[in-house]
1. May I ask for the net charge around B:A78, where only other residues with Cβ less than 12 Å from the Cβ of B:A78 are counted and Lys, Arg are +1 while Asp, Glu are -1?
2. What is the local net charge at A:Y89, summed over the other residues whose Cβ is closer than 10 Å to its Cβ (Lys, Arg +1; Asp, Glu -1)?
3. Shape of the range A:4-108 from its Cα gyration tensor (a ≥ b ≥ c, root eigenvalues): rounded if a/c is under 1.5, otherwise prolate when a/b > b/c, or oblate?
4. If I model a spin label at A:D62 and A:T20 as a point 7 Å from the Cα along the Cα→Cβ vector, what separation in nanometres do I get?
5. Once you mark the GluC sites (Glu not before Pro) that are in a DSSP loop and have at most 16 other Cβ atoms within 10 Å, what is the longest gap between them in chain B?
6. Only Cα pairs under 8 Å and at least 6 apart count here; give the relative contact order of the range A:4-108 as a rounded whole percent.
7. How many angstrom lie between the Cα centre of the range A:1-53 and the Cα centre of the range B:25-63?
8. Let me check I've understood the local charge: for B:Y35, count other residues with C-beta under 12 angstrom from its C-beta, Lys and Arg +1, Asp and Glu -1. What total comes out?
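Quick note: the coordinates plus some simple rules give every number you see, no bench work behind them. Since we're looking at a predicted model, the values are computed, not measured. As a convention, Cβ positions derive from the backbone with ideal geometry for all residues, glycine included, and neighbour counts pool all protein chains shown.
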Amino acid sequence: DAGITQSPRHKVTETGTPVTLRCHQTENHRYMYWYRQDPGHGLRLIHYSYGVKDTDKGEVSDGYSVSRSKTEDFLLTLESATSSQTSVYFCAISGHAQGGEQYFGPGTRLTVT
Amino acid sequence: SQQGEEDPQALSIQEGENATMNCSYKTSINNLQWYRQNSGRGLVHLILIRSNEREKHSGRLRVTLDTSKKSSSLLITASRAADTASYFCATDARTRAAGNKLTFGGGTRVLVKP
């Protein structure tokens, strides 16, 4: 987890409220990713970034938006949280354009009631 | 949909035994990676094998890759209680898109009994 922090680590929120999760890195890596992990589904990519202000959708992007205004921060926003977005969210970083390992943060457990 | 599918979903062994888990995938890849996740933690990269490699070793880990069968296996030799974790394969599909996107399988939960 070195070099990557996520905040908050735990959050409980109500349906319909906006939620923003933050990923912060000190490794100066170009690529950043948001995943969600649910039982039986492994990790699924939500959005990723390949540079400041450069982002793209992943496999399960509906209901989520992201922003990256500086290299070290990648924000994930749930505009109007739903119970189906209850999950554990992981941020990851990589210094490789293709074919390299990713380094994961400690995760954020989000519960939407 | 998951690119990688691990088998078995769960595995229970005694300390000292070997643990083998398999991963199958669907499309052509640049490389395949294995990660470990301890309960409540983030994933940790274990080993990467490129599409032109057939076998790779790292300490007590041995990974094989058969691109003709689109499958890989991870062997942990002489297992320890500390190896108890979930293990995930991840594939980096051949694509022109930038960003090193990985697709993860559902994982194998390994329990090593002391």
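1. 0
2. Summing Lys/Arg as +1 and Asp/Glu as -1 gives +3.
3. prolate
4. Each label point lies 7 Å from its Cα, and together they span 2.6 nm.
5. Details: sites that count: B:E15, B:E17, B:E53.
Here the longest segment lacking exposed loop sites spans B:54-114.
6. Answer for the range A:4-108 is 34 percent.
7. 22 Å
8. On the way: positive: B:R36, B:R41; negative: A:E101, B:E6.
Neighbour charge sum, excluding B:Y35 itself: 0.
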